[in-house]
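The structure appears below as structure tokens.
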Amino acid sequence: MAEIAEQDHMPSRLPVAVWQTFPSPYSMSIAGSMAHPAIKNLFDLWGSEDGEITRGEYVFTVDSGDLSVSTDFQNGDGDWCSLSLTGDGLVLAITNNGERLNLAVPADRLDQVELYEDWFSHIQLH
């Protein structure tokens, strides 16, 4: 019986493989993490209606057709950044003086919040 209960909590597919609200184990792990609020918003907006949504100082673009939630911004260091959650995973692209740095977490590791908790300083606006 315990095996069945455990299976109920484990999604059979990656949560970003379909356009619906994240399963509870993922959303609770992310909400309670030290991840930047902008990252938490990406996950929170996943599965919602298409459009542009402003939360705080960030404007998020929700696109169910592309399976993506993203935001573009200039961080406190003056770098141009693009933060996105897609069917492939989570990506932070940072551009500074023509050089581009991509930080990424693949879809099958999104539940390992520690992989993107340290992105905080890159995402901070001030």
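The values are calculated or read from the model by the stated rules, or taken from the named source; none is laboratory data. Just so it is clear, the model here is predicted, and its values are computed rather than measured. Here the Cβ positions follow ideal geometry from the backbone for every residue, glycine too, while neighbour counts run over all protein chains shown. Note: accessible area is taken over every heavy atom of the protein model, side chains too, but ligands, DNA and RNA are not part of it. Shrake-Rupley method; radii C 1.70, N 1.55, O 1.52, S 1.80 Å.
Remark: relative contact order (the chain) = 21 percent; criterion is Cα-Cα distance under 8 angstrom and separation of 6 or more residues. Basic side chains Lys and Arg get +1 at the Cβ, acidic Asp and Glu get -1 at the Cβ, and with that the dipole of the chain about its Cα centre reaches some 60 debye. Sorting 91, 69 on solvent-accessible area from highest to lowest, probe radius 1.4 Å, gives 91, 69. The solvent-accessible area of residue 14, taken with every protein chain present and a 1.4 Å probe, is close to 70 Å². The Cβ shell under 14 Å around residue 96 holds other residues with a net charge of -2, Lys and Arg each +1, Asp and Glu each -1. Annotation for residue 111 and residue 126: the two label points, set 7 Å from Cα along the Cα-Cβ direction, are 3.7 nm apart. Could you work out the longest stretch of the chain that avoids the GluC sites (Glu not before Pro) located in DSSP loops with at most 15 other Cβ atoms within 10 Å? Value returned for the longest uninterrupted segment is 58-126.
Name the residue farthest towards the positive end of the dipole of region 6-114 from the options 86, 18, 34, assuming +1 on Cβ of Lys and Arg, -1 on Cβ of Asp and Glu, about the Cα centre. About the Cα centre, the residue reaching furthest to the positive side is 34. For the chain, the share of accessible area belonging to carbon and sulfur comes to 49 percent (1.4 Å probe, ligands and nucleic acids excluded). Per residue, the chain exposes an accessible area of 59 Å² to a 1.4 Å probe, with every protein chain left in place.
All C-alpha pair distances within the chain, sorted into 10 Å bins from zero, spread as 13, 44, 32, 8, 3, 0 percent across the bins.
For region 60-126, relative contact order (Cα pairs under 8 Å, six or more residues apart, normalised by length) works out to 26 percent. Gain on full extension, evaluated as 0.36 nm per residue between residue 96 and residue 72 minus their Cα-Cα distance, stands at 7.3 nm.
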